[in-house]
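> I am attaching a structure below and will ask some questions about it afterwards.
The values are calculated or read from the model by the stated rules, or taken from the named source; none is laboratory data. Just so it is clear, the structure is predicted and the values come from calculations on it, not from any experiment. Cβ atoms come from the backbone with ideal geometry, glycine included; neighbour counts cover every protein chain shown. We work out accessible area using only protein heavy atoms, side chains counted, and drop any ligands, DNA or RNA first. Shrake-Rupley method; radii C 1.70, N 1.55, O 1.52, S 1.80 Å.
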Amino acid sequence: MSEAQWSRRDLLRSGVSASLGAIMHANPSTRTPHSPAVPSGLANEYHKYDGLGLAELIAKKQLTPLELLTAVRQRVELLNPKLNALCHLFFDKAEAQIDQKLGPGPFRGVPFVLKDLGMYLTGTITSAGSRVWKNNVASFDSTLVSRYKKAGLVIFGKSNSPELGLTVTTESVLFGQTRNPWSLERTTGGSSGGSAAIVASRILPMAHGSDGGGSIRIPASCCGIFGFKPTRSRVPLGPSQFEGWNGCSHHHALTISVRDSAALLDASAGQELGSPFFSPAPARPFLDEVANNPGSLRIALITASTTGAPLDPECQKAVSRAAKLCESLGHKVEEAALPINAELLRGAFFTVLQVSLARTLDDAATILGRPVSQQDVETVTWAMTQAATNITSVAYSRAIATLHQIGLAMARFQQNYDVILSPTLSKPPVRLGVLSLSQDPAIYRTAITEFMHSTSLYNATGQPSMSVPLHWTPDGLPVGVMFSGRFGEDALLFRLAAQLEKAQPWANRRPQL
C-alpha cells in the first residue's frame, strides 16, 4: 500500500480546471507528427535489454531515443488492451522532452512511467485511482520526477493504482482491473500493480512504484520481477509532501534486473530540502555494490506472518528453497521469531493509515467545494474514513510512539542478523475481485489478512526490504521471497540480490502474451 496525501494549497494549485489538451488519456494509438518508423527488428528485440542496456545502445547510436519510444508505443498498443496497466498516456510530452534535450544521466533516452499516485509531472493527471481526483492536473514536478528527468528518463505515462493505494490489488472503479501477465484472471498485486504488469510483460524494463505497506514488493512477488523498497527518506517525496502515512510510504521502482534498481536509486536518492527524515549516505554508489560479494551473512529465517495468516504450501516451498540457496552460497541461515507484538503493530499501523486517509479526503473537500461523500469513493475507502472518526488524538499519538518502539526492537534484533528472510506473501496471486475496495468491508478485511504476510513491518520501521523472484508454482504463478536489512543498509541487500540473480537468474522467465 502507499499514500496520496496533499496539502490544501497544492491541491488547489494543481487546478482541476487546467487544460487536458496535452494529455492522451488511455489512447495509445494516438500518433504525433514526429513519430518515426521503427527500425527493422527493434520492436521485437528492445524488450530483451534492461534499462542500462538500452541506454548503452542509445549512447552507441545504435538507436535513437525517439526510435525506442516508438517501439515502446507499439508494445503498449499490443499489450495494454490485455493488461490495462496504463491509465494515462502522453507520448507527445515524451517526444517534446526528447526534443528539448534529455538529461545526461545513466538512463538517457530510456522510456519510463510514473505510478498514478503521489508523484506529479507538470501538465499531467495524478488521479490516485480515485474519481475524486480524476481531473487533478499538476502544475509542478515532484522532486523525484525532476531527478528522473536528470537521469535521462523519458516519461510517457502513468501506471494504474487502486484508489489511494489502499489495497494490495490493482483494481478501481475509475480504471477497472489490471491483469497479471502470467494469468489474466489473477491480480498483479498492489498498489504498484500497473507498474509491475508493465515490467513483467517487458513493455518496459523498469517502472516507478511506491510502497506504504508492501506496494512495491507485493506486486513484484505476484508478477515475477524484482521489487526494492529503500530505507525511509532515501528517495524524496516532496515538495508537496515529505512523508506518507507518518513515514511508512517509500518510493522507488520495480525492475527486471538488480543493476537497474541500483543505478536508478543512485540517480534518485539524496536528502531533500525540508524533509523531516534523513537516511545514512551510502559509502559508494549502489551500482558498484552489485559487483561486490556480500560475504557470509547471518540470515534469520522467519515464516510466521504478522497478520496471523497460514502460509500456502507454495509460499512455504519458496522460502525454504531460498534458505537452501542462501546456504549453498555460504550464508548461515537459522530459524527465528520476530521480537515484536504483531497485534500492536497491526493496530498502530492501521490507526496511522486511517487518520492519514481521513486527512487526505478532508483536503479533497477543498477542491470539490463540499465534503467528500460515500458516493465519491469506494466502499472500503469510505468505511476506513468513517473508522477514523473514532480515533482520538491520544490514540493517534500512541500509535506513532508504538511504531517507533517496534523500530527499536527490530534494530536490536538485527544486531545479531544481517538479513531477515521471509515470504513476501502468504499466498500466490489470487483471482481478481478478491481484494477489491468495492466489496463488503468485513469480507475485504478477511481477504487481505489471509493474503498479506509481513511487508508492512518494514514500512513501519523504515528498513530496506526487497522481493526477489525465486519461485514459480507448478501452474506458472510467480512467488516472491522477501529479504530485509538493517536501517540504512540498502547496499548489503543489493549485494545479496545480485548474488541471488547470478545463482538463479530470472530475466529469461517471461509470460507468454
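> To check my understanding: the extent here is largest minus smallest coordinate of the Cα atoms along each principal axis. What are those three numbers for segment 47-122, in Å, largest first?
Each principal axis gives a Cα extent; for segment 47-122 these are 34, 28, 19 Å.
> If you don't mind, there's one more thing I want to ask. Would you mind telling me the antiparallel percentage of the DSSP bridges in the chain, rounded to 5?
That works out to approximately 75 percent antiparallel.
> Next question. Can you check how the C-alpha radius of gyration of segment 293-351 compares to 2.2 N^0.38 Å, as a plain ratio? Don't skip to the end; give the middle numbers.
On the way: Rg = 14.2 Å, N = 59, 2.2 N^0.38 = 10.4 Å.
After normalising by residue count via 2.2 N^0.38 Å, the value is 1.37.
> Next question, about the same structure. Given a 1.4 Å probe and every protein chain left where it sits, what share in percent of the accessible area of segment 135-242 is carbon and sulfur?
Working: 720 of 1530 Å².
Looking at segment 135-242 in its full context, I get 47 percent from C and S.
> Here is a follow-up. Heavy atoms only, probe 1.4 angstrom, no DNA, RNA or ligands counted: give me 489, 185 ranked by accessible area, highest first.
Result of the area sort, largest leading: 185, 489.
> Follow-up question, since we're still on this one. Just want to confirm a number: the relative contact order over segment 290-355, from Cα pairs under 8 angstrom separated by 6+ residues, in percent.
Values: 44 pairs, mean separation 29.8, N = 66.
For segment 290-355, the relative contact order is 45 percent.
> Mind checking the log10 I(q)/I(0) for segment 261-377 at q = 0.10, 0.22 Å⁻¹? Debye, one equal scatterer per Cα, no solvent, two decimals.
Log10 of I(q)/I(0), two decimals: -0.66, -1.15.
> Follow-up question, since we're still on this one. For segment 377-513, what is the convex hull volume of its Cα atoms per residue in Å³?
Working: hull volume 21.0 nm³, N = 137.
It is 153 Å³ per residue.
> Still on this structure: Can you tell me the equivalent ellipsoid semi-axes for the chain? Use √(5λ) from the Cα gyration tensor, largest first, whole Å. Display every interim value, and only then the final one.
On the way: eigenvalues 191, 161, 90 Å².
Its equivalent ellipsoid spans semi-axes of 31, 28, 21 Å.
> Let me ask something else about it. Could you tell me the distance between the Cα centroids of segment 60-103 and segment 326-392, to the nearest Å?
Measuring centre to centre over Cα atoms gives 35 Å.
> Now, a different point. Counting every Cα pair in segment 329-374, what percent are over 13 Å apart? Each step should come with its number before you reach the end.
Working: 730 of 1035 pairs.
Looking at segment 329-374, the distances longer than 13 Å represent 71 percent of pairs.
> So which lysines can residue 60 reach, going by Cα to Cα under 24 Å and dropping same-chain residues fewer than 8 places off?
Output for residue 60: 48, 101, 149, 150.
> Counting other C-beta atoms within 10 Å, and keeping those with at most 15, which DSSP coil trypsin sites (Lys or Arg not before Pro) do you find in segment 461-513?
Values: sites: 486, 495, 502, 509; in loops: 486, 509.
Within segment 461-513, the qualifying trypsin sites (Lys or Arg not before Pro) (loop, at most 15 other Cβ atoms within 10 Å) are 509.
> Would you mind telling me the share, in percent, of accessible area of segment 381-428 contributed by carbon and sulfur at probe 1.4 angstrom? Please list the in-between numbers first.
Details: 1210 of 2230 Å².
Its accessible area is 54 percent carbon and sulfur atoms.
> Sorting check: for 59-72, 463-476, which peptide has the highest mean count of neighbouring beta carbons within 10 Å, and how do the rest follow? Numbers along the way, then the final one.
Working: 59-72: 18.1, 463-476: 22.0.
Top to bottom by mean Cβ count within 10 Å: 463-476, 59-72.
> To make sure I understand the rule: partners must be aspartates and glutamates, Cα under 20 Å from the Cα of residue 317, and not fewer than 8 residues away in the same chain. Which ones qualify?
Residue 317 reaches 327, 334, 335, 450, 475, 501.
> Ok, one more. Rounded to two decimals, what is Rg over Rh for segment 448-487 when you use alpha-carbon atoms and the Kirkwood radius?
Details: Rg = 12.2 Å, Rh = 11.5 Å.
Taking Rg over the Kirkwood Rh, I get 1.06.
> Further question: Distance between the C-alpha centers of segment 116-175 and segment 241-291? Whole Å please.
Each part's Cα centre sits 19 Å from the other's.
> If we restrict to alpha carbons, what Rg and Dmax does segment 125-283 come to, in Å?
When restricted to the Cα atoms of segment 125-283, Rg and Dmax are 14.9, 45 Å.
> Sequence neighbours fewer than 8 away in the same chain don't count; with that in mind, list the lysines whose C-alpha is under 20 Å from residue 229.
Correct list for residue 229: 115, 158.
> Nearest 20 debye, what's the magnitude of the dipole of the chain about its Cα centre given +1 on Lys and Arg Cβ and -1 on Asp and Glu Cβ? Don't jump to the answer; show the numbers that get you there.
On the way: 47 positive and 39 negative charges, 105 e Å.
Taking the Cα centre of the chain as origin, the dipole is about 500 debye.
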